Amino acid sequence: MSYLDQPRINFAGSFQASPSTINNTPNNYNPANYNENSLKPENIELFWEPKGNGIFDLKNCKVTTVEAPGVTNDSLLGCTVTAVYNSGSEPKLVDLDPMQQNVSEVWGLTVMLGDFSGAWVQGVFSPVAFNGIWGNSQGPNTPRNSASGSAVYQSTLTNLKWNVGNSAVLQALKARSPNRLSIRMVVSAHNNAPQLYAFTSATFQAMGAKGVPQAVLDKIVSLQAYVMNVDSTGTPKGKGRGFIPTQSYVNALLEQLLGQSTAQQYGPVILEVTKQPYKPWIDYSTGQPLPEQPLYDFNYGKLVGSVGPCLDDEPTYAVTARTLAPPTAENFPAWWAQARLDLESSKPSLTLDLANSLPVALPGRPLWAEKLGTLSLAYYTVTGQSFTGPIKSYTTFVPSIDYANPDFIDKKSGMLVVTDFGSVDPKSLANRPLALLSTTKLPNGQLLTQPLLEENSEGLSMRADKFVFRMNPGMQTTPTFPLGETHTVDIYVRKFGRVEGLENYKVSLSTLSPCDAARYTLNTQGTGGTNGINETNTSTPPGRLVLSSNTVPIINGKATLTITGEDPGNPRGFVDGQVYFTTYSFNPQVADYQQDPDDLISVQIYQQNPISGTPTWVNGIGDILRQYGMLYPIMGRFGLWTYDGVVENRQPIQRVLGLDISQPMHMPVTRDLSAIKCNLILNWFNSGMPYDRLEPVGGPGTSWDNLLAVSGWGPMTRLLVRSGDIIDAIQPGYGSNTAPIQGGPGGTPTTIDLTGDAIVSLTGFTGTYFGMAQVAQITFHTANGKSYGPFGTMHHVDNPRPFTLAAPAGSAIRSFFGTTVTHSDGTRFIAAIGCNVQLT
């Protein structure tokens, strides 16, 4: 059972999708494109929403119709459908990878139908990527970008909370499906045309004429270099350089370049002068604005949805339905549609979901009746074969579909329910392929009838349940941690919507080669046109996504395999890990089976060891966090690009990093920070946030590290050293606080006063002391030019070897770490010493 079954609730409204687009191209990940705390405009593509906050939300959605036996009116009609912010934050829209932006997922969404003043049901939306994405807007002047697209979010609602009240449809729905609900949302007409602000020589002159001082203009001259998009050669597209999208991003840049006070003083004039007329849709034959412009505000679009029953043993995402597909693999005038034939109810019915299947001339407008003509439903039989394929005979049982009425989409959610089959026995359709026919008038006045969508002659359909995976090599997958190195893939297969008749079929799987992977992703709605993607950096190295089998049997309508992600290393440089694509098909092949070109499995496999050695700010942690601070501007409030900013904001950063990935406040909002990197960062916080590390000299022993103990104590103000023949012990102090002593009680104690000073280097010797490798002698050198020592006479030391541990310029030694050893007589000494470094 699914949303194709009754009881069903249909709703409509709009949605908000505000992803950050700075991370849309691999080229923007290169740290060479960043200044200390800002982007280098000459090297960065902004795209259309550089300051996106990642929000996905339901806006102004209401229940439009309800469908249930015997229900003609219901208290739920007209009630709101909303996203509930259970964690205090809006749901998030999540791309998998800059090289696979065609599976944008919704995370952290809880849906509520109705409101607390009456009947309602609430459930957690299982995170899922859209599928069925296609260019449904097909008029000659439709926007030539993803704004012309339409896609489906197909999922389930779980953890249900009910207050059915006097709503008959909720009562019936709860009785049939108390624990889970099936939900389908179709999103389209997303307005991704931002308000532009022009920073050109002309607008700079106009700003000066309006009273903006030259000194201020000189500080913002770099804005002339920003660009939204460039082609593969680096040549700016569209209006060129100096055109910056969105007021929020311009304001952020002005504050960054001018400071808050000056930006507040001159910002209104700058915005007034640079703001461009907003008519983004143009007539491509003339270049002039169209009379019709976007129906929705920037970052908003159209949404229609349906909710129906879902039993406990059914898939989470896939709907085990019949599937009608375009009869050819080229020039799609219509898109795949799901259908269910119900012969078990007292009145047989056929439900066909056309919400994401029919074209419009411009985004958000009514279905394109002039192109579609008259639509009808039929079944067909194969009467013979020709050199072009099977010869089909169509029998119509619904002569005309009232699809042109706007209510068909806007109120009925594109759900066509047939109960009148004319002279056709509905039972006969159980084993006959269905077809959606279009009849149009040719220029010569003749009528042309042809199939828009139809089932293949065998009635076969299949769909992977979960089809987007994130894998962290070396980490175990568990029910509470679904991001490990192995996953189970379930592919649901049906023949005319049933599990019977599949005995002669298997499912074949194949992972795309680098060449095929690059070709595929560059031809998708989501990733097409992205720079920095080619066969040398996509799905390489091959073989890192391991399938348990390339041919899988179908058992009770399901083919199951295990996929394993092995460490791909770092083939893409500044983009973590690698993305892989696996296709699946019938074995043996079905001649007229048409598969959605985006119906495949997408896998992100992260690098297993992204940091070599001990993680410090200088060694890895700073690079990770600084990159995220640049690529996801919403994270700018945490100051991720500087060590001091991260230290200052360590508590909120730790808190959001520690959240479960299903929480919308999890950082980063795009979720392509691997669990491996997330753990490295959290462990770095827990170890005291070392800025840098001077690796130890000396010998093995029992490890110790003072960094965590002294975290938050301020600068080192004194150092106790105990020494005799060699170094017995050290113990730093920080104002009124004292770190644990490391070493033994022997030797002569000496306290070094470091008030107003700091240790910047250690020199000395290591050697063998009564058969053990030890630190034999140390001299401490400070920033003020003082030296203390040498400590340790080196009496009885063999094989002395000199060493130097020096902090980089601009930093000092914060604390120490190393090892201690205990000799046979019970005396304890410092065996090895290293230094944790901090900025000064």
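The values are calculated or read from the model by the stated rules, or taken from the named source; none is laboratory data. Values in this document were obtained by computation on a predicted structure and should not be read as measured data. When we count neighbours, we look across all protein chains shown, and the Cβ atoms used for this are built from the backbone with ideal geometry, even at glycine.
List of remarks:
- Leading residue by the ranking (nearest to Ala325 (Cα to Cα)) among those in the range 452-462 that are within 37 Å of the chain's Cα centre (by Cα) and not acidic (Asp, Glu): Leu453
- Cβ-Cβ distances below 8 Å connect no pair with a first residue in the range 345-363 that is at positive phi and outside the structural domain of Ser413 (by TED's automatic domain parsing), a second residue that is at pLDDT 95 or above and acidic (Asp, Glu), and a separation of six or more residues or different chains.
- Matching strands (runs of 3 or more DSSP E) fully within the range 93-160 where at least 3 residues are of a type in the set (S, T, N, Q) and surrounded by fewer than 22 Cβ atoms within 10 Å (Cβ to Cβ): none
- Exclusive hit being buried (at least 20 other Cβ atoms within 10 Å of the Cβ), of a type outside the set (S, T, N, Q), closer than 24 Å to Trp617 by Cα and in the same structural domain as Gln777 (by TED's automatic domain parsing), set Ala739, Ala709, Ala729: Ala739
- Among the numbered conditions (1) assigned to a strand (DSSP E or B); (2) among the polar types (S, T, N, Q); (3) farther than 16 Å from Gly724 by Cβ, the only one that Asn784 does not meet is (1).
- Residue check for Arg650: among the charged types (D, E, K, R), touching a residue at least 12 places away in the same chain (Cβ under 8 Å) and either surrounded by fewer than 17 Cβ atoms within 10 Å (Cβ to Cβ) or assigned by TED's automatic domain parsing to the domain that holds Ser87 (or both): yes
- Contact map, the range 290-305: residues that are within 13 Å of Asn192 (Cβ to Cβ) paired with residues that are of a type in the set (Lys, Arg) and at pLDDT 95 or above, Cβ distance under 7 Å, separation 6+ or inter-chain. Pairs shown: Tyr296/Lys302; Tyr300/Lys59.
- When Phe421, Phe408 are screened for being in the same structural domain as Ile183 (by TED's automatic domain parsing), assigned to a loop (DSSP other than H, G, I, E, B) and surrounded by 12 or more Cβ atoms within 10 Å (Cβ to Cβ), only Phe421 passes.
- The one condition in (1) among the small types (Gly, Ala, Ser); (2) on the phi > 0 side of the Ramachandran plot; (3) modelled with pLDDT under 95 that Gly818 fails to fulfil: (3)
- Only one entry of Gly108, Gly135 meets the criterion of being more than 19 Å from Leu93 (Cβ to Cβ) and assigned by TED's automatic domain parsing to the domain that holds Pro91, and that entry is Gly135.
- Filter pass, Asp660 being over 20 Å from Ile833 (Cα atoms) and assigned to a loop (DSSP other than H, G, I, E, B): yes
- Within the range 798-811, the set of residues being assigned to a strand (DSSP E or B) and at pLDDT below 95 comprises just one member, Ser811.
- Test for Leu682: is it under 22 Å from Gly577 (Cα atoms), surrounded by fewer than 17 Cβ atoms within 10 Å (Cβ to Cβ) and hydrophobic (A, V, I, L, M, F, W, C): yes
- Qualifying position, being at positive phi and modelled with pLDDT of 95 or more, among Gly699, Gly747, Gly714: Gly747
- For the residues Pro732, Pro790, the requirement of being assigned to a strand (DSSP E or B), more than 51 Å from the chain's Cα centre (by Cα), touching a residue at least 12 places away in the same chain (Cβ under 8 Å) and closer than 21 Å to Glu695 by Cα singles out Pro790.
Quick grid of which residues meet (1) assigned to a strand (DSSP E or B); (2) touching a Gly at 6+ places or on another chain (Cβ under 6 Å); (3) crowded, with 18+ Cβ neighbours inside 10 Å:
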position: Ile778; (1), (2), (3): yes, yes, yes
position: His795; (1), (2), (3): no, no, no
position: Phe817; (1), (2), (3): yes, yes, yes
position: Thr820; (1), (2), (3): yes, yes, yes
position: Ser824; (1), (2), (3): no, no, no
position: Ile830; (1), (2), (3): yes, yes, yes
position: Val837; (1), (2), (3): yes, no, yes
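- Exactly one residue out of Asn609, Asn619 is modelled with pLDDT of 90 or more, over 26 Å from Leu545 (Cβ atoms) and surrounded by fewer than 18 Cβ atoms within 10 Å (Cβ to Cβ): that is Asn619.
- Any hit, the range 88-98, residues being at pLDDT 95 or above, of a type in the set (A, V, I, L, M) and out of contact with any His (no Cβ under 9 Å at 6 or more places or on another chain): no
- Among the candidates Gly267, Gly301, Gly208, the residue that is in a strand (DSSP E or B) and either surrounded by 14 or more Cβ atoms within 10 Å (Cβ to Cβ) or in contact with a Leu (Cβ under 6 Å, 6 or more places away or on another chain) (or both) is uniquely Gly301.
- Filter pass, Gly308 being at pLDDT 95 or above and in a strand (DSSP E or B): yes
- Within the range 472-505, the set of residues being part of a strand (DSSP E or B) and under 32 Å from the mean Cα position of the chain (by Cα) comprises Thr478, Phe481, Thr486, His487, Thr488, Val489, Asp490, Ile491, Tyr492, Val493, Arg494.
- The one condition from (1) surrounded by fewer than 18 Cβ atoms within 10 Å (Cβ to Cβ); (2) in contact (Cβ under 8 Å) with a residue 60 or more places away in the chain; (3) not in a helix (DSSP H, G or I) that Trp641 does not meet is (1).
- Scanning the range 475-500 for residues that are more than 23 Å from Ser104 (Cα to Cα) and either surrounded by 15 or more Cβ atoms within 10 Å (Cβ to Cβ) or not assigned by TED's automatic domain parsing to the domain that holds Ala559 (or both) yields Met475, Val493, Arg494, Lys495, Phe496, Gly497, Arg498, Val499.
- Selection within the range 29-43 - part of a loop (DSSP other than H, G, I, E, B) and either touching a Leu at 6+ places or on another chain (Cβ under 8 Å) or modelled with pLDDT under 85 (or both): Asn35, Glu36, Asn37, Ser38, Lys40, Pro41, Glu42, Asn43
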